[in-house]
Amino acid sequence: MIILDTSAVAALTRGHRALHLLADNMAHTPGDWLHVPALCLMYGEAASENLAREALALPGVLVDPLDRTAAATVGAMVRDGWGEPDTCHALYVATPHQESGGMSIILTGREDDYPPGILTVDIDSPGMLGFH
């Protein structure tokens, strides 16, 4: 599973070439989505008007909800110092769950926000996920 955090979804809506190519590829692959945690979408919208509308209009984007289990877990992660609510929601979505299977990749412009052991890829790294 590929997850876009707040910085990545903001870059996507600003026209980040590699992320647009990735979203287009995901839209043409049945069952594949770019996952955007709901709190990442909310933080992005709070910082940039119409970000959510632009992100949701793109094909291949799926918002992961903050259901009651996620809300309790993300709240505990914030309390325990894992990061801001949006970062913790991205971590929660990236954690292997019964429905998602293995470890996920978090695409981000803020790799330092994530603890060691979490697979993150900087959206501006050369050849990010094979795109140049």
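The values are calculated or read from the model by the stated rules, or taken from the named source; none is laboratory data. Computed from a prediction, not measured in an experiment: that's the story for all the values here. Counting neighbours? That spans all protein chains shown, and the Cβs are built from the backbone with ideal geometry, glycine included. Calculation scope for accessible area: heavy atoms of the full protein, side chains included, ligands and nucleic acids excluded. Shrake-Rupley method; radii C 1.70, N 1.55, O 1.52, S 1.80 Å.
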(request) Check residue 2 against each of (1) surrounded by fewer than 22 Cβ atoms within 10 Å (Cβ to Cβ); (2) more than 24 Å from residue 126 (Cβ to Cβ); (3) in contact with a His (Cβ under 8 Å, 6 or more places away or on another chain) and name the one condition it does not meet. (result) (2)
(message) Go through (1) within 16 Å of residue 35 (Cβ to Cβ); (2) over 12 Å from the mean Cα position of the chain (by Cα); (3) modelled with pLDDT under 95 for residue 105 and report which single condition fails.
(response) (2)
(message) So residue 90 ticks every box in (1) buried (at least 22 other Cβ atoms within 10 Å of the Cβ); (2) free of Cβ contacts under 8 Å to residues at least 60 places away in the same chain but one. Which box is left unticked?
(response) (2)
(request) Hey, can you tell me all the residues within the stretch 35-44 that are open to solvent by 10 Å² or more (accessible area, probe 1.4 Å) and not in a helix (DSSP H, G or I)? (result) 35
(message) Conditions first: (1) modelled with pLDDT of 90 or more; (2) of a type outside the set (Gly, Ala, Ser); (3) at negative phi. Residue 25 passes all but one, so which condition is the exception?
(response) (1)
(request) With the checklist (1) among the charged types (D, E, K, R); (2) closer than 18 Å to residue 122 by Cβ; (3) touching a Pro at 6+ places or on another chain (Cβ under 8 Å) in hand, flag the one item residue 17 doesn't pass. (result) (3)
(message) Among the residues of the stretch 10-34, what is the count of those that are within 13 Å of residue 64 (Cα to Cα) and buried (at least 22 other Cβ atoms within 10 Å of the Cβ)?
(response) 1
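Every residue, every condition in (1) surrounded by 16 or more Cβ atoms within 10 Å (Cβ to Cβ); (2) out of contact with any Leu (no Cβ under 7 Å at 6 or more places or on another chain); (3) in a strand (DSSP E or B); (4) not charged (D, E, K, R), yes or no:
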site	(1), (2), (3), (4)
52	yes, no, no, yes
66	yes, no, no, yes
70	yes, yes, no, yes
77	yes, no, no, yes
82	yes, no, no, yes
103	no, no, no, yes
107	yes, no, yes, yes
115	no, yes, no, yes
